[in-house]
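Notes to accompany the following structure.
The values are calculated or read from the model by the stated rules, or taken from the named source; none is laboratory data. Computed from a predicted model, the values in this text were never measured in an experiment. Note that we place each Cβ from the backbone using ideal geometry, even for glycine, and neighbour counts take in every protein chain shown. What goes into the accessible areas is simple: the full protein's heavy atoms, side chains included, and nothing from ligands, DNA or RNA. Shrake-Rupley method; radii C 1.70, N 1.55, O 1.52, S 1.80 Å.
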Amino acid sequence: MKIFPTKEIKFRLIDNQEDTLERLKRRTEYSKNFISSYTDKSFRGIIKNNTFKIISSEIGKGALCVMSGKIENKNGFVNLEVNKAFKVLFSILFILPIVAIIFQTITNPKDIIFYILVAIGQLFIIRFIFITIFFSKMYKHSINRLRDVLDIEYY
C-alpha cells in the first residue's frame, strides 16, 4: 500500500511535439523550487528537452501536485504525485495519532486496545479520506490546466 497517492495519465498530442513543447515553455516559469507564487505563467518548474517537472502556479491549488512527464512524437504521459513539502506535512499528521496513543497509554493503560483501534481508524481516515480527497481535487485541477496549455487529449 502506498502512503501517498500517485496517478499516471497518458495523452495524445493534437499538434506536433515541437509546437507543444514550445507552448509549454512559454507558459512555464523556470524554478527549481516547487512552490506557488504570483506569476502570469500557468506553471512553475523545469523543462529539459522533451521532459518536464512542473506545478501549477495558482496560489492555494497548484503546489500539492507535482506533474512530471515526457512528450514523444504524438504521445506522452504525465505522473502526478504529492509534493515533498506536503508529504512532510501529511507525515506529521500521521504521527499525531501515534503520539496520542502513547500519551493515553501512559495516563490510562487499561484501555490500550481501544486506543490502538481508535488510532488505526484515525490513520485510515487521514489517508483514505483527507489525503485522497485533497489529492484528487487538486490533480484534476492541475491536469485540466495542463490540457488547456498543451492542447492534448487523454486516453
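When the Cα positions of 76, 117, 33 are compared along the charge dipole of region 32-155, 33 comes out farthest toward the positive end, with charges on each C-beta of Lys, Arg, Asp and Glu.
In the full protein context, the chain carries 61 Å² of accessible surface per residue, based on a 1.4 Å probe and ignoring ligands, DNA and RNA. Along the axis of the charge dipole computed for the chain (Cβ charges of +1 for Lys and Arg, -1 for Asp and Glu, origin at the Cα centre), the listed residues 52, 141, 85 are led at the positive end by 85. In the chain, the longest principal axis of the Cα atoms and the axis of helix 84-107 are about 0 degrees apart.
Report, to the nearest whole %, how much of the accessible area of the chain belongs to carbon and sulfur atoms, 1.4 Å probe, protein only. The C+S portion of the solvent-accessible surface of the chain is 61 percent. The C-alpha atoms of the chain define a longest principal axis, and helix 112-125 lies at about 10 degrees to it.
The charge dipole of the chain, taken about its Cα centre with unit charges on the Cβ of Lys, Arg, Asp and Glu (plus for the first two, minus for the last two), comes to roughly 160 debye. Helical content of the chain, expressed as a calculated mean residue ellipticity at 222 nm, amounts to -14500 deg cm²/dmol (DSSP H runs of 4 or more residues, -39,500 (n - 2.57) each, divided by residue number, nearest 500).
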